[in-house]
């Protein structure tokens with residue numbers, strides 16, 4: 001099912017409006033985190049405040065003649081640091097996987113025409129056309145939907161897609177439905193949406 005034109009009033013931004021928003025807001029990208037060497041992460045796990053207290057306790061136990069207690073404390077600090085480092089590394093890999101799942105393009109209405117743009121070129125108030133199977137590369141406000149449901153399982157863990165009901169943008173009593181990234185539409189729905 002393909003949507004040829006959005007509802008009346010959603011003709012999209014003009015080229016000048018797009019340029020103004022891009023200059024004001026910048027690209028639709030998540031800044032890449034600074035890369036810190038792995039050894040610094042591991043060192044941080046071994047030297048944070050509570051680990052430092054345990055290192056001091058190990059030295060005091062050794063000075064008091066309790067070598068077995070000192071060794072036990074050192075082993076605990078090392079095991080705890082290695083476990084925390086492994087968890088942090090796993091979380092970083094999961095975040096990188098989510099980032100790689102982001103779509104690279106989107107269909108939008110600009111100057112009254114439907115065009116495909118890079119996801120990084122989406123700007124606030126862009127009219128994004130969403131169809132079944134599309135991956136969504138930005139927060140969107142659903143302006144009109146037809147049997148649209150959204151799979152947000154990567155973010156929420158929900159097993160079934162959630163309904164993307166329409167709520168008018170100008171309605172003071174209801175806030176518009178929000179589609180968060182990364183998400184994919186489930187068949188058979190489609191919808192125009194505003195880049196929030």
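The values are calculated or read from the model by the stated rules, or taken from the named source; none is laboratory data. Source: prediction; values computed, not measured. Neighbour counts run over all protein chains shown; Cβ positions are idealised from the backbone, glycine included.
Just for region 80-106: of the residues that are buried (at least 17 other Cβ atoms within 10 Å of the Cβ) and either out of contact with any helix residue (DSSP H, G or I) (no Cβ under 7 Å at 6 or more places or on another chain) or free of Cβ contacts under 8 Å to residues at least 60 places away in the same chain (or both), which one is nearest to residue 31 (Cα to Cα)?
Among those residues, the one meeting the criterion is 106.
Take the conditions touching a helix residue (DSSP H, G or I) at 6+ places or on another chain (Cβ under 9 Å), over 30 Å from residue 34 (Cβ atoms) and modelled with pLDDT of 75 or more and apply them to residue 125. Does it pass?
Details: touching a helix residue (DSSP H, G or I) at 6+ places or on another chain (Cβ under 9 Å): yes; over 30 Å from residue 34 (Cβ atoms): yes; modelled with pLDDT of 75 or more: yes.
Judged against the criteria, residue 125 is a match.
What about residue 62, is it more than 30 Å from residue 143 (Cβ to Cβ) and either surrounded by 12 or more Cβ atoms within 10 Å (Cβ to Cβ) or at pLDDT 90 or above (or both)? Can you show your working first?
Details: more than 30 Å from residue 143 (Cβ to Cβ): yes; either surrounded by 12 or more Cβ atoms within 10 Å (Cβ to Cβ) or at pLDDT 90 or above (or both): yes.
Against the criterion (more than 30 Å from residue 143 (Cβ to Cβ) and either surrounded by 12 or more Cβ atoms within 10 Å (Cβ to Cβ) or at pLDDT 90 or above (or both)), residue 62 qualifies.
Note down all Cβ pairs under 7 Å where the first residue falls in region 13-34 and is over 16 Å from residue 127 (Cβ atoms), the second is at pLDDT 80 or above, and they're at least six residues apart or on different chains.
Close Cβ pairs (under 7 Å, with a partner that is at pLDDT 80 or above) amount to 25/123; 25/124; 27/120; 29/120.
The rows are residues; the columns are (1) in contact with a strand residue (DSSP E or B) (Cβ under 7 Å, 6 or more places away or on another chain); (2) at pLDDT below 65; (3) not in a helix (DSSP H, G or I).
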position: 89; (1), (2), (3): no, no, no
position: 92; (1), (2), (3): no, no, no
position: 98; (1), (2), (3): no, no, no
position: 102; (1), (2), (3): no, no, yes
position: 109; (1), (2), (3): yes, no, yes
position: 117; (1), (2), (3): yes, no, yes
position: 160; (1), (2), (3): no, yes, yes
position: 166; (1), (2), (3): yes, yes, yes
position: 172; (1), (2), (3): no, yes, yes
